[in-house]
Amino acid sequence: MLNSLYIFILAAVFWYTVIFTVYFSLIVAASCIKPKNKNYKIKRAYKNLIVIIYSHNNEKTIVNLLEQLNKQDYPKGNYQTHIILDNCTDNSSNKLEFVGGAKLWRLTDDTPLGKDKSVSWLLENLMSFKKVDAYVFLNANRIVKSDFLSSINEAIQENQVVVGSTDIYLEDADFVEKVFSNINDYNSNVMRLGRSRLGLAIPIDSDITVLTHEVLEKIQCIDFKDANSELKYSFLLTSVNYPPKFIPEIKTYVSSIDYTIKRPEFLFKMSLFLHCLNLRAISNFKFLEFLLSLFKPNPVILLGMLVLVGTYSFNYYFLYDFPWSVFLACVLTVAFVLSVYKSNLYWKPLVYLISGPFCTLCSSIGEITFIKKLVKLEKKQKNADIEKITVPVFVTNGRNIFPCTMDLISENGFKKAVFRYKNKKQETNQGYVRMCDAVKNISDILEQHGFRMKICQSCAYFSPKIDGTNNMVKGYCNKKAVDDENCSELPETLLWSSCEYYIPEEVNKVIDISDYIKNR
């Protein structure tokens, strides 16, 4: 009796591996096949977009994000930015008002309302807008490039619900953060991309999701409370024939320090599966496939199951001979190697990827309340003396302008700056007492290589503000005084800010600014 039960279980495991080996191989193949080139000569109509950002004490990132949204290569009249400040106790509101370009919604209850309720409340106010085509939901900790909204506009021409990509750049990351960063890259480059090319749904990510006005009118709600809610909402969208689609061209960037891993709980997925498995689900292929995908195994685990079945069939009589297990293992191995190649993962990232199942198990154990409190306490102590802000900067070589980023880091009282362009970075030569000196050091290093940062600190209009602080990151813009001799009050600016009126600082040493403007 026990032997028959054991063989039955092994047969079930064998067919489970057959189904998901074929399933995994199809997704990998779809991710590797290049789609037909789009005709970019066709001029797309500019959709009217509303960008909604939820913020709770995100002072170090939200200001930069707003500046990046203000510099989009998208018509100003075709998009609005709305920022929810949910009981913020930092200086977010004042800084955002200084930058401008967004409608601020301040919630001032005793306790934070939360993302889900706050965004739902705002949507009730915005849904009455008649000329809105889509709503962009964006996390306050993100960095975007100037083509962000243009990519969204291209995507919603043919799709009703789209999910963008999240690229995590590692900052003082530990082993677990590196593991999940590589898993995220792998899923984006292979699993999400392959599923979308096959027309299959993916779970939404409320940190970067776009819903058209048509969808919200029909659904009449959003559900962004947590990872469980987002998964449930994804099934709701798929059930009414609006399957979320992954669009890799819609890129956002986030530091590993600011990134929070979101993963639905296993028990919730089981409950969702049992609740949704009905006749209506079976009649909708995309919905049924999405439901079954909840239990797709990791390729490494799948290979381990094949080894288990193969070992038994090699030593004992089994319904399915040993060569079948070998064949499936070969197919799975080829598909996995191809997926790793597609993700540009080399030996070290591959180790992190293979460690994924173990880290996921440990992460699940870490959800135990007692252990979670200990980990949070340790992290809080570790990061107590470290502060960091990432700002966008523009660099020129005299002919072209390159969008870059710069990390401004305060660690144990010392300041340093890290300049980044794509995969390259340049750090300050030492730790400085003042942030203005750290930024100046980066500017000097770039100038030695023939590049110049177009920021206020190196602009002829800029004069520093002596405010008694160590950082000295503020200053005044003299542009208004040059244009109007009677100007009595100069606007404040930050030394890493930039604008279209930038003039090299050495102009002051050679000719008068006014003459420079007339002659350029």
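The values are calculated or read from the model by the stated rules, or taken from the named source; none is laboratory data. Remember, it's a predicted structure, so these values are computed and weren't measured experimentally. Note that each Cβ is placed from the backbone with ideal geometry, even for glycine, and that neighbours are counted across all protein chains shown. Areas reflect the complete protein model, heavy atoms only, side chains present, ligands, DNA and RNA absent. Shrake-Rupley method; radii C 1.70, N 1.55, O 1.52, S 1.80 Å.
Considering only protein heavy atoms, what per residue accessible area in square angstrom results for the stretch 209-258 with a 1.4 angstrom probe? Each step should come with its number before you reach the end.
On the way: 1840 Å² over 50 residues.
Normalised by residue count, the accessible surface of the stretch 209-258 is 37 Å².
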In Hz, Karplus ³J(HN,Hα) per residue of the stretch 212-223 (6.51, -1.76, 1.60; θ = phi - 60°; x = Gly, Pro):
6, 4, 4, 5, 5, 5, 7, 6, 6, 6, 10, 9
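Stokes-Einstein diffusion coefficient for the stretch 423-463 at 4 °C in a medium of 1.567 mPa s, Rh from the Kirkwood formula over Cα pairs: what value in µm²/s?
On the way: Rh = 11.1 Å.
Rounded to a whole number, D works out at 117 µm²/s.
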Pairwise centroid distance, computed over Cα atoms, of the stretch 39-98 with the stretch 242-303, Å
28
Applying the Karplus parametrisation 6.51 cos²θ - 1.76 cosθ + 1.60 with θ = phi - 60° to the phi angles of the stretch 122-139, what ³J(HN,Hα) value in whole Hz is obtained for each residue in order, glycine and proline being reported as x?
5, 4, 4, 7, 8, 5, 6, 5, 7, 9, 10, 9, 7, 10, 9, 9, 9, 7
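Would you mind putting 295-302, 182-189 in packing order, based on average other-beta-carbon counts within 10 Å, highest first?
Details: 295-302: 16.6, 182-189: 20.0.
Highest to lowest by the protection proxy: 182-189, 295-302.
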I'd like the Karplus ³J(HN,Hα) series for the stretch 283-290: coefficients 6.51, -1.76, 1.60, θ = phi - 60°, whole numbers in Hz, and an x wherever there's a Gly or Pro.
7, 10, 4, 4, 5, 5, 4, 4
Peptides 166-175, 49-58, 477-486: what's the order by average Cβ count within 10 Å, highest mean first?
49-58, 166-175, 477-486
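What does the accessible area per residue of the stretch 56-113 come to in Å², with a 1.4 Å probe and no ligands, DNA or RNA counted?
Numbers: 2790 Å² over 58 residues.
I get 48 Å² per residue for the stretch 56-113.
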In the stretch 34-121, lysine pairs closer than 23 Å at Cα, eight or more apart or cross-chain:
20
What the 10 Å binned alpha carbon P(r) of the stretch 56-113 shows, as percent of pairs per bin from 0, is 23, 52, 21, 4
What aspartates and glutamates sit close enough to Lys131 to cross-link, taking a C-alpha to C-alpha distance under 15 Å and skipping anything fewer than 8 places away on the same chain?
Glu214, Glu217
Carbon/sulfur accessible area of the stretch 138-270, % of total, 1.4 Å probe, equals 50
The stretch 74-161 - percent relative contact order, Cα under 8 Å, separation 6 or more
28
Tell me which residues come under 5 Å, amide H to amide H, from Val395 once H is placed; ignore anything under 5 positions away on its chain.
Phe402, Cys404, Lys454
